[in-house]
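Below is one structure, written out as structure tokens; the observations come after it.
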Amino acid sequence: MIPIVPKAGAVNPASVEGFVDVLAADDLPPGSQQSVALGVQRVLLCHTPAGIHAVADLCPHALQPMVGSEIRDGVIRCAKHGALFDLVTGKPKNGVTDRSLRVYPVRIRDGRIALAVAPN
Amino acid sequence: MAAEESVIRGVSSAVSPLTEALIEADSREVGAGLRTRGNYLPQQKKIPLHRYHSMEYAALEKERLWKRVWQFACREEDIPNVGDRVPYTVGDVSFVVVRSGPREFRAFYNTCLHRGTRLCDGAGSGASLRCPFHAWEWHLDGSLKNIPSRWDFGQVKNAEYHLPEAKVGTWGGFIFINPDPSAPPLEPSLGVLPEFFEDCPAEDRFTAFHIRKRVRANWKVTLEAFLESYHVVETHSDSLTFTGDASTQYDIWEEGVSHISRLITPLAIPSPHLGDGASATAAVDRAYEVFAMAMPGVPVPKFDPNSTLSGRAQVAEWRRQMLGAGLARDLARWPDVAMLDSIQYFMFPNFCPWYGEGLPLIYQFLPYGTDPNESLMSVRLTAPLPGAGAPRPPAAPIMELDFDEPFSSRPEIGLLSLIFDQDMSNLPRIQAGIRGADPNRAEATLGRYQEQRIQHFHEVLERTLGA
């Protein structure tokens with residue numbers, strides 16, 4: 001074994017139903033956002049008037065964290081270089097990048113927020 | 001260096017000392033190499049941007065740089081058995097590096113002397129070098145072995161059809177070549193490297209991962225993106241919580257025939273950019289997490305406030321134990337700085353060997369084909385040879401990544417793949433910006449301390465090219 005070398009796939013959390021519990025819903029009050037770890041990735045949870053969204057906390061433009069970015073009318077604006085993304089579809093809304101922001105299906109049950117981690 | 005010039009050598013914060021102070025506070029004795037400071041500061045000059053995209057400049061580099069200097073080609077472990085060979089290709093000039101004897105290496109122009117066919121396309125093996133077109137064949141020492149229909153080539157005298165060779169030199173398991181037949185030996189070009197790596201022998205390591213990435217940027221743009229930690233604040237902003245970017249130490253050793261530089265970027269401390277109120281504890285915890293990513297299933301420790309050790313010493317001690325157990329090697333004498341920090345050397349023109357276990361990488365930078373807007377970057381992750389009499393593991397095969405393939409498509413290197421992708425996302429943008437610059441402002445302005453290695457690189461390049 002070579003300890004400095006990770007095993008492929010070994011870092012993803014397992015989940016019976018494809019959803020992984022990440023946070024208590026009470027810890028994400030309306031208007032707030034929070035970056036949570038999902039294996040080696042980070043996911044940004046945003047509580048907007050339309051509900052709770054989960055997107056990669058990694059802007060596909062320059063691969064920077066998104067946390068702290070402004071959200072308005074269902075669109076998030078990356079604080080770094082101004083890329084805009086639709087929070088529901090992840091699709092870019094301006095020309096900073098043509099890549100989509102990864103979105104995660106969200107399930108809220110028994111006061112807990114869980115995310116689907118299957119590739120999308 | 002002007003005697004009166006006062007250079008600010010990095011900044012610290014209340015929770016993030018300069019690298020020199022961290023070395024001073026190490027829990028182990030730090031060897032002379034890491035304590036020695038450089039002897040040179042280059043003159044401050046702007047860098048003309050045309051040299052990153054001009055065909056004329058690339059042609060000059062081909063003739064006066066790549067055909068005349070010692071350059072890192074490959075590792076001995078890449079060709080472990082007699083007859084093994086790999087191509088080493090710089091732009092459109094290609095060599096085939098061969099293990100011609102148990103401890104003998106040769107590098108031939110990778111071109112058949114019959115009608116010019118390339119002899120070796122990729123790693124291979126055999127008792128001879130044989131052209132796939134008409135089977136002209138050479139012995140491993142480059143002497144002509146056979147020509148089919150020999151009767152038809154009366155004009156060919158065997159002695160005149162020895163494969164043309166480049167000079168070959170080795171150090172630390174690295175193979176260097178120099179195509180200039182009148183070149184001096186390799187050793188003086190290595191400068192301080194043999195002395196500084198004496199307590200961390202590169203020959204006692206093996207390539208655990210090897211990625212070769214095609215990049216849409218000039219080879220110097222790609223190289224220079226990796227010679228400073230100044231870019232961490234924007235490009236790797238998610239690493240600031242545990243990376244001493246602005247407290248990084250830079251050194252240059254300029255000795256006429258050798259051009260070596262080094263950076264030491266400390267980890268497990270917060271960036272000085274985060275101010276005096278940044279959390280040293282969070283930096284330690286995050287460093288634990290980052291190092292643990294390479295060891296799935298291993299419990300991730302936290303900073304222990306009751307320990308007599310500093311936070312950095314705690315992480316270093318955990319690394320000594322984990323790595324030592326995994327490799328059956330005693331790492332007890334290794335200083336904290338060698339267990340944690342990013343210690344990267346650069347030898348002009350294309351070679352970055354890293355020191356220690358913090359981030360044990362090897363970089364190689366090369367022009368790709370004839371387009372000066374493209375390059376190749378080779379990244380190896382190395383590990384110490386296992387102890388307890390275990391055999392040398394084979395060198396990992398090369399994983400090729402095309403222009404648009406991210407490092408994250410190879411998840412085996414964990415967090416490193418995100419860091420490389422962050423760098424890679426910049427490079428085509430830099431190249432595009434350079435090409436489109438206002439001709440009256442087409443020059444780069446370099447930081448006096450943090451970008452001095454780039455300044456030095458260009459100083460040596462200009463001298464080498466005579467332009």
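Using θ = phi - 60° in the Karplus curve 6.51 cos²θ - 1.76 cosθ + 1.60, the 3J(HN,Hα) couplings for the range B:16-28 round to 9, x, 5, 4, 4, 5, 5, 5, 4, 8, 4, 6, 10 Hz; x is entered for Gly and Pro.
Neighbours of residue B:178, meaning other residues whose beta-carbon lies under 10 angstrom from its beta-carbon, give a summed charge of +2 when Lys and Arg score +1 and Asp and Glu score -1. Counts of other chain beta carbons within 10 angstrom of each beta carbon in peptide A:58-65 average 5.
Please give the Cα centre distance for the range A:65-120 versus the range B:177-212, rounded to the nearest Å. Centre-to-centre distance over Cα atoms comes out at 47 Å.
Its alpha carbons considered, the range B:232-279 gives a radius of gyration followed by a Dmax of 13.8, 46 Å.
With one equal scatterer per alpha carbon and no solvent term, the Debye-computed log10 I(q)/I(0) for the range B:345-467 at 0.13 1/Å reads -0.74. The Rg/Rh ratio for the range B:191-332 is 0.99, where Rg is the radius of gyration of the alpha carbons and Rh is the Kirkwood radius. Each residue of the range B:58-69 was assigned a 3J(HN,Hα) from its phi angle through the Karplus expression (A = 6.51, B = -1.76, C = 1.60, θ = phi - 60°), giving 4, 5, 5, 4, 4, 6, 9, 9, 5, 8, 10, 10 Hz with x at Gly and Pro. Each peptide in A:18-27, A:53-62 was scored by the mean count of other Cβ atoms within 10 Å over its residues; highest first, the order is A:53-62, A:18-27. Give me the mean projected area, in nm² to one decimal, of the convex hull enclosing the Cα positions of the protein assembly as shown. For the Cα atoms of the protein assembly as shown, the hull's average projected area reads 31.0 nm².
Scale the Cα Rg of chain B by the rule-of-thumb value 2.2 N^0.38 Å and send over the ratio, two decimals. With N residues counted in chain B, Rg over 2.2 N^0.38 Å equals 1.03.
Normalising by residue count, the range B:1-59 has a Cα convex hull of 195 Å³ per residue.
Size descriptors for the range B:126-260: radius of gyration and Dmax over Cα atoms are 22.7, 73 Å. Remark on residue B:111: its backbone amide H falls under 5 Å from those of B:119, a criterion applied only to residues 5 or more positions apart or on other chains, H modelled at 1.01 Å from N.
Computed from Cα positions, the angle between helix B:280-292 and the longest principal axis of chain B comes to roughly 30 degrees.
Per the Debye formula with a single identical scatterer at each Cα and no solvent contribution, what log10 I(q)/I(0) holds for the range B:254-305 at q = 0.13, 0.15, 0.24 Å⁻¹? Values, matching the q order: -0.49, -0.58, -0.93. Only helical runs count toward this figure. For chain B, summing -39,500 (n - 2.57) over DSSP H runs of n ≥ 4 and dividing by all residues gives -6000 deg cm²/dmol at 222 nm. Amide hydrogen proximity for residue B:200: with H placed 1.01 Å from N in the peptide plane, no residue at 5 or more positions away or on another chain lies under 5 Å. Checking every one of the trypsin sites (Lys or Arg not before Pro) in the range B:377-467 against DSSP loop status and a limit of 16 other Cβ atoms within 10 Å picks out B:448. The Cα atoms of the range A:20-68 define a convex hull whose projected area, averaged across directions, is 3.7 nm². May I ask you to work out the translational diffusion coefficient for the range B:296-365 at 25 °C, viscosity 0.890 mPa s, via Stokes-Einstein with Rh from the Kirkwood sum over Cα pairs, reported in whole µm²/s? Using the Kirkwood radius from Cα pairs, D works out to 180 µm²/s. Simple rule: put +1 on each Lys or Arg Cβ and -1 on each Asp or Glu Cβ in the protein assembly as shown, find the dipole, and look at B:54, B:72, B:356; the Cα lying farthest toward the positive end is B:54. Three semi-axes describe the equivalent ellipsoid of the range A:13-120; taken as square roots of 5 times the Cα gyration tensor eigenvalues and ordered largest first, they are 22, 15, 11 Å.
Highest mean first, the peptides B:329-335, B:10-16 sorted by other C-beta atoms within 10 Å per residue fall in the order B:10-16, B:329-335. Note on residue B:307 and residue B:54: their simple-model spin labels are 5.4 nm apart, each label 7 Å out from Cα toward Cβ. By the Cβ distance rule (another cysteine Cβ under 4.7 Å), the unpaired cysteines of chain B are B:74, B:120, B:200, B:352.
The share of alpha-carbon pairs in the range B:1-158 lying farther apart than 22 Å comes to 65%.
Simple point charges give the picture: +1 on the Cβ of Lys and Arg, -1 on the Cβ of Asp and Glu, and for the range B:418-467 a dipole about the Cα centre of about 60 debye. Between rounded, prolate and oblate, where does the range B:410-464 land on the alpha carbon gyration tensor, with a ≥ b ≥ c its root eigenvalues, rounded for a/c under 1.5, else prolate if a/b exceeds b/c? Note, shape of the range B:410-464 comes out oblate. Each Lys and Arg adds +1 at its Cβ and each Asp and Glu adds -1 at its Cβ; summed about the Cα centre, the protein assembly as shown shows a dipole of about 1120 debye. Annotated for the protein assembly as shown: lysine pairs at least 8 residues apart or interchain, Cα distance under 30 Å, count 28.
Legend: translational diffusion of the range B:35-91 by Stokes-Einstein, Rh = Kirkwood radius over C-alpha pairs, 25 °C, 0.890 mPa s; D = 159 µm²/s. Computed about its Cα centre, the charge dipole of chain B is approximately 1040 debye, with only Lys, Arg, Asp and Glu carrying charge at their Cβ.
In summary, the range B:173-239 shows an alpha-carbon radius of gyration equal to 1.53 times the 2.2 N^0.38 Å reference for compact globular proteins.
Computed from the coordinates by the stated procedures, all read-outs in this text should not be read as laboratory data. Just so you know, these numbers come straight off a predicted model, no measurement behind them. So basically every Cβ, Gly included, is an ideal-geometry build from the backbone, and we count neighbours across all protein chains shown.
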